[in-house]
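Please treat every number below as a calculation from the coordinates, not as lab data. None of the values given here were measured: they were computed from a predicted structure. Using ideal geometry, Cβ is built from the backbone for each residue, glycine included, and neighbour counts are taken over all protein chains shown.
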Amino acid sequence: MINIAIFASGSGSNAQKIAEHFQGSSDIRVSLILTNNPTAFVLERAEKLDIPSHIFNRETFYKSTDVVDVLKNNNIDFVVLAGFMWLVPGYLVEAYPNKIVNIHPALLPKFGGKGMYGDHVHNAVKQAGVKETGITIHYVNEHYDEGNIIFQSKCEVVENDTPQTIAEKVHALEYQHYPNVIEEVILKSLKNS
Ligand code: GAR
């Protein structure tokens, strides 16, 4: 059994879709959900999905390696960031080389980097007046949104779109693709190991 841990900071709708995607699988499962935010709605989703959760704070995350101990104690093989808003520290990247993926709600390298998360991204897309946006799934390194790109998918931005309608289109793409891409990446990494 391959065990996935999901890191999420807020609503966790992607975390839920990913967990549900693997519910029928006998090879891969989401077995832990971690958050930096004790009031994140993802914790309620985790409880409903019957998945254990773990909350950590800034001090623990950046000044100790306790989170890696939690992952190892839970036999986690693969880490998925789904709406996780903190920079991943180097020790965590080193503990899971090429085994941490993130989804970004725009077409990187555009609209990425520090401060570019969630609705900030959709506001910036609207303000820039670009004709398309989308999603980027990428490996995680110690820099915001800079790891190698695995997958991108686009959607149109029309004049009447608001940041909110853009967010809805992007979320739809996320739900459609992220669980499948995670599965492909895991199966590929198994073949190569
Ligand atoms: C998603 O759109 C995800 O791409 C984005 O946060 C949202 C979380 O929604 N992530 C980032 O902006 C990371 N830089 P969710 O909590 O409902 O899954």
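A few points about this structure:
- Among the residues making up region 1-27, those that are closer than 12 Å to residue 79 by Cα and away from the ligand (no atom under 16 Å from the Cβ) are 2, 3.
- Taken over region 1-52, residues that are small (Gly, Ala, Ser), free of Cβ contacts under 8 Å to residues at least 40 places away in the same chain and buried (at least 21 other Cβ atoms within 10 Å of the Cβ) amount to 3.
- Taken over region 92-126, the criterion of being touching a residue at least 60 places away in the same chain (Cβ under 8 Å) and more than 10 Å from the ligand (Cβ to nearest atom) is satisfied by 98, 99, 101.
- Hits in region 108-120 (condition: closer than 15 Å to residue 154 by Cβ and more than 15 Å from the chain's Cα centre (by Cα)): 109, 110, 111
- For region 60-81, taking the residues that are within 15 Å of residue 31 (Cβ to Cβ) and either touching a residue at least 40 places away in the same chain (Cβ under 8 Å) or within 16 Å of the ligand (Cβ to nearest atom) (or both), the one that is surrounded by the fewest Cβ atoms within 10 Å (Cβ to Cβ) is identified as 75.
- Residue in region 74-96 that is among the β-branched types (Val, Ile, Thr), within 20 Å of residue 114 (Cα to Cα), touching a strand residue (DSSP E or B) at 6+ places or on another chain (Cβ under 7 Å) and part of a loop (DSSP other than H, G, I, E, B) present: yes
- All conditions in (1) within 14 Å of the ligand (Cβ to nearest atom); (2) buried (at least 17 other Cβ atoms within 10 Å of the Cβ); (3) farther than 23 Å from residue 6 by Cβ hold for residue 147, with the sole exception of (3).
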